[in-house]
Amino acid sequence: MFDKHEIALSVKNLNVDYGDFRALENISLEIPARQITAIIGPSGCGKSTFLRCFNRMNDLVPTARVTGEVLFYGQNIYDSKVNPVEVRRHIGMVFQKPNPFPKSIYENVAYGARINGYKGNMDELVERSLRAAALWDEVKDDLKKSALALSGGQQQRLCIARAIAVEPQVILMDEPASALDPIATLKIEELMQELKKDYTIVIVTHNMQQAARVSDYTAMMMLSKEGSRAGTVIEFGPTPQIFTSPRDRRTEDYITGRFG
Amino acid sequence: MLRKTFETELQQVKDNVLFLGSLVEQAILDSVEALKKRDMDASRRIMEADREINARRFAIENQVMVLIATQQPMAHDLRLLASILEIAGELERMGDYAKGIAKINILMGEQPLLKPLIDLPRMAQKDADMLHRALTAFLDEDVETARAIPQEDDEVDALYNQIYRELITFILQDPTTIERANWLLWAAHNLERVADRVTNICERTIFIATGEMAELDGAANGEENA
Ligand SMILES: Nc1ncnc2c1ncn2[C@@H]1O[C@H](COP(=O)(O)OP(=O)(O)O)[C@@H](O)[C@H]1O
Ligand SMILES: [Mg+2]
């Protein structure tokens, strides 16, 4: 599908079970590098579960069991020799609700890098990350101020700066703007366009207009069949095609609002 | 299902397109009939009625833009609304062709027709018939019919070429007929263009139904035919 793009992540026959409940079934797709891929679908269809598979966050859920493969530039991140902490250094995550630490703005950004034993100039790293997250100009004189004093939109950009500071290759975002007002949302969307020059971005969003605006590729998820509770990807393609001429009837019904 | 209001509004826009289409269809037939009978009053009424066609086209555009802004249509709905903008434009231009023919009748003043009109009314009838079926295909999203109609453009082209040759013969025999021949040629040209625009409507119908943007025969080569 993407002759022009390198493939960053390749998912093969992925299943996820929570105990004896199958949440994801038989997903295979490829995520192009330095592009924005959106995952859309009705709530409860497994978008967050799927996103968490990309950096082994499901390992932190005791009942979750992942089978199949997720190749990161060819390396299976579920291989027993692979350290999940290392995976998360390369593939960072930004959550729905901004979750800064109750520390200074500076410390929030420096934190991850410090844990990873960053040896370079920390001031420079903090500035570079805040600039990349389009937050520097707003906070440069208040770096010692508590992160909790920032607005919701600023907190979310701070979390993006924190993710960037450990120099990942992929940034996963789970509904990163759903708790934000329209202006703050727009800022995050603009920021994503900047970030994709250097990072591969996968975003879960329940806002279809947002997916249509920001992403290059769109994966449509849905429960795999009538009566089943297992989600799967039913259609994946270039975003303009998905939103103007989807091939799957269920995608059509969902994006035109005739689903349900 | 969901989105009842939106569905209703979509249906209303489609009805408005159909109504606009019927005005245009009538204007085409009337304009040639008025020319044939040299009925100046009828031609003036047709020119006047073109204002309503223009106004209705703007009203449809406005309605579509409000729906796009407020409903964020996707997929089929988006293709439908984008195509309606296009189709309303095509209809409005067809109305201009009818108005053009009405104007020719008025410009001819007291001069008699160069010859009794036979092929021009046939062209107008064929245009109106194609337009009518094209709009029905649009309403039903009938891809098969939408593909078939543009093939009939050949008949319109054939009538046009026939008229063209006949009028040239008049001019060659008697150069003083040039102005009167030219008026009729212009009317024929307008009718030939109507059929090309019907083809464009059929292309939109296929796009609405399938998402496929295809160029059908008869549309692109309109200008060269003239
Ligand atoms: N930690 C968990 N334990 C058990 N079931 C879960 C857990 N997380 C999610 N699920 C279930 O998996 C399904 C998919 O959830 P989720 O991935 O959050 O969907 P989405 O993000 O599309 O709303 C839901 O039925 C949800 O209840
Ligand atoms: Mg979720």
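State the Cα centre-to-centre distance between the stretch B:6-31 and the stretch A:1-51 in whole Å.
46 Å
Under the rule of at least 5 residues apart or a separate chain, name every residue whose amide H is placed under 5 Å from the amide H of A:T218.
A:A38, A:G237, A:T239
Using a Cα-Cα cut-off of under 17 Å, which lysines could be cross-linked to B:K115, ignoring same-chain neighbours fewer than 8 residues away?
The qualifying lysines are B:K36, B:K37.
Once phi is turned into ³J(HN,Hα) by the Karplus curve 6.51 cos²θ - 1.76 cosθ + 1.60 with θ = phi - 60°, what whole-Hz value does each residue of the stretch B:50-57 show in order, with x for glycine and proline?
Here the 3J(HN,Hα) series is 4, 4, 5, 4, 4, 5, 5, 4 Hz.
With +1 on each Lys and Arg Cβ and -1 on each Asp and Glu Cβ, how big is the dipole of the stretch B:3-210 about its Cα centre, in debye rounded to the nearest 20?
Taking the Cα centre of the stretch B:3-210 as origin, the dipole is about 420 debye.
Report Rg/Rh for the stretch A:1-146, rounded to two decimals, where Rg is the Cα radius of gyration and Rh the Kirkwood radius.
Rg divided by Rh gives 1.02.
Arrange A:S28, B:S31, A:S104, B:S83 by Cβ neighbour counts within 10 Å, fewest through most, would you?
A:S28, A:S104, B:S83, B:S31
What average number of partner chain Cβ atoms lie no more than 10 Å from the Cβ of the residues making up B:75-82?
4
So in the stretch A:144-260, what percent of DSSP beta bridges are antiparallel if you round to the nearest 5?
On the way: 7 of 12 bridges.
Beta bridges within the stretch A:144-260, antiparallel portion: roughly 60 percent.
With θ set to phi - 60°, apply the Karplus curve 6.51 cos²θ - 1.76 cosθ + 1.60 along the stretch B:122-130 and write out the HN-Hα couplings as whole Hz, x wherever there is a Gly or Pro.
Values per residue, Gly and Pro as x: 5, 4, 4, 4, 5, 4, 4, 5, 4 Hz.
In nm, what is the difference between 0.36 nm times the number of residues separating B:E141 and B:T70 and their Cα-Cα distance?
23.1 nm
If you put +1 on each Lys and Arg Cβ and -1 on each Asp and Glu Cβ, how big is the dipole of the stretch A:112-217 around its Cα centre, in Debye rounded to 20? Can you show the working numbers first?
Details: 13 positive and 16 negative charges, 52 e Å.
Dipole about the Cα centre, nearest 20: 260 debye.
At 20 °C and a viscosity of 1.002 mPa s, what translational diffusion coefficient does Stokes-Einstein give for the stretch B:3-210, taking Rh as the Kirkwood radius over Cα pairs? Give it in µm²/s as a whole number.
D, rounded to a whole number, is 120 µm²/s.
With point charges of +1 on the Cβ of Lys and Arg and -1 on the Cβ of Asp and Glu, referenced to the Cα centre of the protein assembly as shown, which listed residue (A:A133, B:T145, A:I105) lies farthest in the positive direction of the dipole?
A:I105
Can you find, among A:F243, A:F21, A:Y118, the residue farthest towards the positive end of the dipole of the protein assembly as shown? Put +1 on the C-beta of Lys and Arg, -1 on that of Asp and Glu.
Selected residue: A:Y118.
Please compute the Cα-Cα pair-distance distribution of the protein assembly as shown with 20 Å bins starting at 0, giving whole percents from short to long.
Distribution as computed: 20, 36, 24, 16, 4 percent.
Based on the Cβ-Cβ distance from A:F21 to A:M122, what FRET efficiency comes out when R0 is 51 Å, to the nearest 0.05? Could the numbers behind the result be given before it?
Values: r = 44 Å, r/R0 = 0.87.
Computed FRET efficiency for A:F21 and A:M122 comes out at 0.70.
Using 29 Å as the Cα-Cα cut-off, could you pick out the over-long pairs in A:K225/B:K14; A:K97/A:K196; B:K99/B:K126?
On the way: A:K225/B:K14 35 Å; A:K97/A:K196 22 Å; B:K99/B:K126 18 Å.
As for pairs spanning more than 29 Å Cα to Cα, those are A:K225/B:K14.
From the phi angles alone, apply the Karplus equation (6.51, -1.76, 1.60; θ = phi - 60°) to the stretch A:139-156 and give each ³J(HN,Hα) in whole Hz, x where the residue is Gly or Pro.
Residue by residue, the stretch A:139-156 yields 10, 4, 8, 10, 4, 8, 5, 5, 4, 6, 7, 6, 6, x, x, 5, 4, 5 Hz.
Run the quick spin-label model on B:D154 and B:F58: label points 7 Å from Cα toward the beta carbon, then report their separation in nm to one decimal.
Between B:D154 and B:F58, the label points sit 4.3 nm apart.
Using only Cα atoms, locate the centre of the stretch A:189-260 and the centre of the stretch B:114-188, then give the distance between them in Å, rounded to an integer.
When both Cα centres are located, 48 Å separates them.
How much of the DSSP bridge set in chain A is antiparallel, in percent, rounded to the nearest 5?
Among the beta bridges of chain A, antiparallel pairing accounts for roughly 60 percent.
Long-range amide H contacts for A:V94: which residues qualify at under 5 Å (H placed 1.01 Å from N, peptide plane, sequence gap of 5 or more or a different chain)?
A:L172, A:M173, A:D174
Could you state the orientation-averaged shadow area of the convex hull built on the Cα atoms of the stretch A:7-255, in nm² to one decimal?
Averaged projected area of the stretch A:7-255's Cα convex hull equals 13.4 nm².
Please compute the modelled spin-label separation between B:I118 and B:W186, points set 7 Å along Cα→Cβ, answer in nm with one decimal.
According to this spin-label approximation, the distance is 2.5 nm.
Where nothing but the Cβ of Lys and Arg (+1) and of Asp and Glu (-1) is charged, how large is the charge dipole of the stretch B:134-226 around its Cα centre, in debye to the nearest 20?
380 debye
Mind giving me the nanometre distance, one decimal, between the label points for B:Q173 and A:S151, set 7 Å out from Cα along Cα→Cβ?
The two pseudo-label positions are separated by 8.3 nm.
Out of all DSSP beta bridges with both ends in the protein assembly as shown, state the antiparallel percent to the nearest 5. Before the final figure, lay out the partial values.
Details: 26 of 44 bridges.
Antiparallel bridges: around 60 percent, rounded to the nearest 5.
To the nearest 10 degrees, how steep is helix B:4-37 against the longest Cα principal axis of chain B, on a 0 to 90 scale?
Rounded to the nearest ten degrees, it is 0.
Give the long-range amide H neighbours of A:G41: residues separated by 5 or more places, or on another chain, with amide H under 5 Å away, using H modelled in the peptide plane at 1.01 Å from N.
A:M221
In whole angstrom, note down how far apart the Cα centers of the stretch B:69-91 and the stretch A:74-147 are.
Distance between centres, Cα-based: 45 Å.
Excluding A:I234 itself, calculate the net charge of residues whose Cβ lies under 12 Å from the Cβ of A:I234, where each Lys or Arg counts +1 and each Asp or Glu counts -1.
My count for the surroundings of A:I234 gives -1.
Values in this text are rule-based calculations from the coordinates and carry no lab data. Everything numeric here is computed off the predicted structure, so don't read it as measured data. Cβ atoms come from the backbone with ideal geometry, glycine included; neighbour counts cover every protein chain shown.
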